[in-house]
Amino acid sequence: MELLPFWKNFSTAQRTPRILILVSLTLIILGLIPLYHPFYRYPANLIVDHSSKITSHGTTTKYQKIIKQDDEDTCDVFIGEWVRNPDAPYYTNMTCWAIHEHQNCMKYGRPDTDFLKWRWKPKGCDLPIFNPYQFLDMMRNKSMAFIGDSVGRNQMQSLICLLSRVEYPIDISNDTDQNFRRWKYTTYNFTLAAYWSPFLVTVKESDPDGPSHTGLFNLYLDEPDPKWTTQIEQFNYLILNSAHWYTRCSVYYEKNQIIGCHYCGLPNITDLSINYGYQKALKTTLKAINSLENFKGVTFVRTIAPSHFEGGEWNKGGNCVRQGPFRSNETTLDGISMEFYRTQVEEFKVAAKEGKAKGKRFRLLDMTQAMLLRPDGHPSKYGHWPNANVVLYNDCVHWCLPGPIDTWSDFLLHMLKLEGRRALEENIQL
């Protein structure tokens with residue numbers, strides 16, 4: 001339709017000023033965005049979240065500031081106490097599909113919920129609650145693999161549940177084997193993977209029953225498990241864990257020769273300690289990572305989370321029925337858990353020293369003290385229906401979801417921030 005003469009002249013006369021106004025407004029808005037959006041102003045790995053609660057829109061109820069904190073170099077975040085946190089939990093068994101059945105305590109009728117209302121408070125500093133938006137922003141275009149046993153899987157499923165407030169991953173696994181899974185957060189191009197390897201070294205089950213009815217395993221202590229060692233060079237972060245399976249009956253091999261066993265009941269074979277096999281295997285594992293020429297990522301060695309069987313062993317009536325955490329002066333680490341922990345710290349130090357000379361990075365994710373204080377966080381009998389035929393009827397090894405294990409992501413994000421700061425400082429020095 002042709003314009004009337006007045007409107008035609010007006011349109012022609014006004015076209016140029018309108019364009020100039022639109023361009024000017026656009027430039028002003030683009031200039032203001034960095035002033036009000038902290039993720040545009042600074043790299044994600046330089047942001048510390050001090051919020052006590054995260055809303056569904058990704059904003060925080062308090063504030064954010066730029067690290068470095070004054071106490072960051074002197075405070076050991078792994079030493080502290082559990083304190084009340086009324087804001088927890090940050091998901092439920094109804095909002096997260098990733099919870100393994102045996103850790104779905106609410107589904108199977110656990111009556112108390114107070115065990116959900118705690119957070120870790122380091123002595124002398126603070127540990128911010130996990131921020132899923134910040135974590136995914138830091139993990140953009142990166143990858144992370146969990147390697148080890150079912151407690152490691154427990155940790156990974158906790159992470160997926162915490163991230164579910166932002167996004168659910170899609171399954172990109174190459175096959176249907178549930179022991180080796182891959183997921184991708186498409187918005188962030190972040191890949192998460194799980195590699196089931198409870199001994200970390202090569203293993204063959206020689207008897208599915210064995211002396212204690214939990215199997216008899218041949219462990220090749222000088223051979224790292226190729227199921228994960230051949231797959232990890234592409235990853236930016238590894239989270240390594242093991243220990244609990246070494247309490248099972250095993251025959252130890254080195255150079256394909258039997259050197260002894262742990263409670264195998266076989267004639268003419270020397271009975272060796274549990275920790276003998278574990279130390280050899282962990283040393284082999286960490287040396288394997290140090291020998292990977294193309295692996296340039298960071299390896300987090302996660303220390304043991306102690307079990308809490310009371311009143312008997314796991315298969316002799318032991319249970320975990322406490323409903324609140326210990327104070328740090330109410331319990332101590334002892335027995336095989338202490339042996340495992342000492343071995344992990346010792347072998348970590350050796351590997352970190354060797355790796356530093358090769359440009360490899362090892363970090364200790366020391367969860368032992370915090371989890372020693374949480375006897376209330378296990379499923380106990382609430383990981384299955386009553387009278388179910390399960391091997392571990394009272395589960396005092398794994399952790400309820402949601403539950404205390406969610407705090408592991410607080411520690412992980414803290415360490416990732418420190419890693420980002422180290423990388424920035426190294427670049428500045430270069």
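The values are calculated or read from the model by the stated rules, or taken from the named source; none is laboratory data. Nothing here was measured: the structure is a model prediction, and the numbers come from that model. Backbone-built Cβ (ideal geometry, glycine too); neighbour counts: all protein chains shown. These area figures cover heavy atoms from the full protein model, side chains too; ligands, DNA and RNA do not enter into them. Shrake-Rupley method; radii C 1.70, N 1.55, O 1.52, S 1.80 Å.
Quick notes on this one:
- Span from the region 343-401 Cα centroid across to the region 404-419 one, whole angstrom: 14
- Probing with 1.4 Å while keeping every protein chain in the model, the per residue accessible area of region 313-430 equals 48 Å².
- The charge dipole of region 248-405, taken about the Cα centre with unit charges on the Cβ atoms of Lys, Arg (+1) and Asp, Glu (-1), comes to about 760 debye, rounded to the nearest 20.
- Computed accessible area, Tyr195, all protein chains, 1.4 angstrom probe, square angstrom: 20
- Apportionment of accessible area to carbon and sulfur, region 191-271, percent (1.4 Å): 47
- Inter-probe distance in nm under a simple model that places probes 7 Å from Cα toward Cβ, at Val345 and Val321: 3.4
- Å² of accessible area per residue within region 202-273, as computed with a 1.4 Å probe and no ligands counted: 50
- Computed with a 1.4 Å probe on the full set of protein chains, the accessible area for Val321 sits at about 110 Å².
- Cleavage-rule hits, GluC sites (Glu not before Pro), region 327-425, DSSP coil, Cβ neighbours within 10 Å at most 11: Glu330
- Solvent-accessible area of Arg140, all protein chains in place: 90 Å² (probe radius 1.4 Å, heavy atoms, ligands and nucleic acids excluded).
- Taking Lys and Arg as +1 and Asp and Glu as -1, the other residues whose beta-carbon sits under 11 Å from that of Phe190 total +1.
- Listed residue (Ser409, Val321, Thr299) projecting farthest to the positive dipole end of region 285-430, Cβ model: Thr299
- Taken as Cα centroids, region 73-150 and region 201-265 sit 29 Å apart, rounded to the nearest whole angstrom.
- Cα gyration tensor shape for region 96-189, rounded if a/c is under 1.5, else prolate or oblate: oblate
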